[in-house]
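Structure, as structure tokens:
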């Protein structure tokens, strides 16, 4: 999957699951703030990325993926590793 | 001195309707909520009969973070409770500033468990189960969800007493209020409606197989009954002390005169006569009334052979030859199980408030025991001011409530 296509898909599934406007999801935006995630719904975000894109964000890696831009890079790099 | 306990609000989400008016009309007109569900047949069910109701879409009412922890029966319970609170004239401000309790009957939450186990087996990764599963799958799912959504601050626990859960919840709530431990308790019962939750029940041949006539399948007390039909939904009553209701200027609908209970101490699935009789007699004794004051009996009768026979015997033991109408609203709804004790209080309340007794549908021929009772097979117009409602469950748990019009 091309990166642009991947970004569009990530935005789409996150917006649908967490009920936010796609336009609110920008590369620099904070994931937790934008999606209004607490410690429980953060688990759902990780599970969604894993089930939709086959990429597992391990517990130690979650803290590194703060923005959507970081998430795009993380998923793209893992998929293409 | 014990406090008087009154009912000031009711709400229901059932196969007979989503509002009190709809349910009242369904009861009056003898509408059946039972259908044939072809999916169950494909799943290998012996009986594909079930009550039908839709799972409400609460996207507009609740946030994702509230909905994600709710299995279907918690959604039914939310709908019933928001209506009951409105009916009782209670707003969020009142709930925020008073220690309102919550006792709700529920005794299963199957689908979230099935989904979680399927995911763990297939993926071997517990993260993929998601955050909602644990809260959806616990027996106390209804009370934990409602307690958080409505920000309740009194007692908060689930009553699991099999098919008497909803009735015990109301009875226990009444005891707390009588003894001054709570001023108000949100009480009710909820029951999931899906094939997974009752497949094992189907497996012990408990269900009617009159599949060619779904609306005739649930026939409590009828000679040719062949088993129950599963149903569900949720029902909520707001109960509070008489003083609290007066202070609030609340609409007082009825008074809970008493709660009787017993355990059979016998077989796990077959009820006996002694246990239910004891529950009935305890309720009558505690109500301080004469049996002749009871104007209507809402029976537990589920349309099983042994259950209905033994309940008919128990009722006859207590009322003798007095001509008191006895019906089972399960002839219209099927067996609403964990919800039934609460919903049947509401069905009986709607009849009492509107001067009728709904037909015991499909009561075409009595058997030896039901012949001794006055069981109307058609809706009758009748004013009554006191009713008794029975609920019995697996393991031999029995609950009886006596409620008087106000």
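Condition check: crowded, with 24+ Cβ neighbours inside 10 Å and modelled with pLDDT of 95 or more. Does residue B:152 satisfy that? Working first, answer last.
Working: crowded, with 24+ Cβ neighbours inside 10 Å: no; modelled with pLDDT of 95 or more: yes.
Taking the combined requirement at face value, the residue does not satisfy it.
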Task: Subset of the stretch A:9-31 that is assigned to a loop (DSSP other than H, G, I, E, B) and closer than 20 Å to residue B:131 by Cα - its residue that is nearest to the other protein chains (Cβ to nearest Cβ) - done: A:19
Task: Enumerated helices (runs of 4 or more DSSP H) restricted to the stretch B:290-406, each holding at least 1 residues that are surrounded by fewer than 22 Cβ atoms within 10 Å (Cβ to Cβ) and not assigned by TED's automatic domain parsing to the domain that holds residue B:209 - done: B:305-319, B:340-354
Task: Condition check for residue A:42: under 20 Å from residue B:131 (Cβ atoms), assigned to a helix (DSSP H, G or I) and away from chain B (no Cβ under 14 Å) - done: no
- [ ] Provide a single number: the residues in the stretch B:213-271 that are at pLDDT below 95 and within 18 Å of the chain's Cα centre (by Cα).
- [x] 0
Open item on the list: Quick check on my filter: what residues within the stretch B:239-266 are surrounded by fewer than 17 Cβ atoms within 10 Å (Cβ to Cβ) and part of a strand (DSSP E or B)?
Closed with: B:263
Task: Filter result (surrounded by 14 or more Cβ atoms within 10 Å (Cβ to Cβ), in a loop (DSSP other than H, G, I, E, B) and within 14 Å of chain A (Cβ to nearest Cβ)) within the stretch B:35-65 - done: B:58, B:61, B:62
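Every residue, every condition in (1) within 12 Å of another protein chain (Cβ to nearest Cβ); (2) closer than 24 Å to residue B:66 by Cβ, yes or no:
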site	(1), (2)
A:33	no, yes
A:37	yes, yes
A:47	yes, yes
A:53	no, no
A:80	no, no
Task: Qualifying positions in the stretch A:38-52 - touching a helix residue (DSSP H, G or I) at 6+ places or on another chain (Cβ under 9 Å) and surrounded by fewer than 18 Cβ atoms within 10 Å (Cβ to Cβ) - done: A:38, A:40, A:42, A:50, A:51, A:52
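Report yes if residue A:75 is within 10 Å of the chain's Cα centre (by Cα) and more than 13 Å from chain B (Cβ to nearest Cβ), otherwise no. Talk me through it step by step, then tell me what you get.
Working: within 10 Å of the chain's Cα centre (by Cα): yes; more than 13 Å from chain B (Cβ to nearest Cβ): yes.
Yes, satisfied.
Considering B:153, B:115, which residue is out of contact with any strand residue (DSSP E or B) (no Cβ under 6 Å at 6 or more places or on another chain) and within 24 Å of residue B:177 (Cα to Cα)? Full working, then the answer.
On the way: B:115 fails: within 24 Å of residue B:177 (Cα to Cα).
Unique residue meeting the criteria: B:153.
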Open item on the list: Considering only residues that are more than 11 Å from every other protein chain (Cβ to nearest Cβ) and assigned to a loop (DSSP other than H, G, I, E, B), which ones fall in the stretch A:55-70?
Closed with: A:55, A:63, A:64, A:65, A:66
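The values are calculated or read from the model by the stated rules, or taken from the named source; none is laboratory data. Computed from a prediction, not measured in an experiment: that's the story for all the values here. As a convention, Cβ positions derive from the backbone with ideal geometry for all residues, glycine included, and neighbour counts pool all protein chains shown.
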